[in-house]
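Structure first, then comments.
The values are calculated or read from the model by the stated rules, or taken from the named source; none is laboratory data. All values reported here derive from a predicted model rather than from experimental measurement. Here Cβ is always computed from backbone atoms with ideal geometry, including for glycine, and neighbour counts include all displayed protein chains. Heavy atoms of the whole protein, side chains included, go into the accessibility calculation; ligands, DNA and RNA do not. Shrake-Rupley method; radii C 1.70, N 1.55, O 1.52, S 1.80 Å.
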Amino acid sequence: MNIITVNVGQGALSIVRHNKEAIIIDSRIPPSGDDTVAYVKRMLAISLRDHNVKGLILTGFDNDHTDVVGTAIVLQKYRPDWVMHPQCYKDTEEARLVSWLITEQENARQNSADPLRRIPVRLDVLGNRKLPGLSRNFEFELFSPHIDDMSSSNNCSIVLKLTGIGPGGFSYLITGDTERDRWESIEKYFGGALKSHVLAAPHHGSRNGVHPASLLHIDPHTVLISAGVESQYGHPDPAAVKAYEYVAKYVYSTNMRGGVSLFTRPGATEIMTELVRG
């Protein structure tokens, strides 16, 4: 199993691969005037070569996570079996375009040999937090969102543990933009179930994504932060990085060394991460 945290500047897009299957998480493609666009497309092409893309997980509908151009590329070129997103509504043009695009692709593929399955998720309407039948090589355990805490688009984010099955597999907790007040509830109800080898830092390493009790339960070996170089929002926040360094052996960010992608995989004795320049 390996994770590729793609350098998309101030946004998120990662690829998780295991036994020739791939799950794409988020779909940020930078603005067309940014040189990063060609780099991201090349990373997708290289990373997904000879892999079956099982699904696309959109952790939220803010455009730094769910971009209509990136979503179109994934759905039309790589044709995942399913697309998962929070069961919530965000009244923005980007969110409406992405929702329309998913519906259009559902309709276009409904009578084909590989129909697209749309999976809106919310804890309070699911019978089981463990989502079966999505892959032969991954397990999916959902922790958020829940109607009681959907006070903002950030707190509507998907929090989900993705675990590779069998040799070489490990657990990866994806978190979207989930903020501290939602983490309070997640930690209260799920506690030790959050434990994961690798954590995708919430909200690009923002201070308001740090919840100390949750971090102690997650107990990650490695924390991965997706943040832009010289971020206008100050991501990652130094206090957040310090908190991650307290609980994790390694903390990496895509804004290191002028901008890098992160390649995380099992090493001989522990999980290791390489910094990859474009």
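Selection over segment 155-182 of residues that are more than 17 Å from S214 (Cα to Cα) and either surrounded by fewer than 18 Cβ atoms within 10 Å (Cβ to Cβ) or touching a helix residue (DSSP H, G or I) at 6+ places or on another chain (Cβ under 8 Å) (or both) gives a count of 4. Within the set R79, R117, R96, the sole residue that is open to solvent by 70 Å² or more (accessible area, probe 1.4 Å) and in contact with a Phe, Trp or Tyr (Cβ under 7 Å, 6 or more places away or on another chain) turns out to be R117. Applying the criterion of being acidic (D, E), open to solvent by 10 Å² or more (accessible area, probe 1.4 Å) and within 26 Å of G133 (Cα to Cα) to the residues of segment 11-60, the residue that is modelled with the highest pLDDT is E21. Of the candidates N128, N137, N107, the single residue that is touching a Gly at 6+ places or on another chain (Cβ under 8 Å) and over 30 Å from R207 (Cβ atoms) is N137.
Only residues that are aliphatic (A, V, I, L, M), in contact with an Asp or Glu (Cβ under 8 Å, 6 or more places away or on another chain) and over 30 Å from R265 (Cα atoms): list them for segment 109-164, please. Selection gives I147 alone. Note on segment 229-255: among residues that are at pLDDT 95 or above and among the aliphatic types (A, V, I, L, M), the one that is nearest to S171 (Cα to Cα) is A248. Of all residues in segment 61-76, those being more than 21 Å from L131 (Cβ to Cβ) and open to solvent by 10 Å² or more (accessible area, probe 1.4 Å) number 9.
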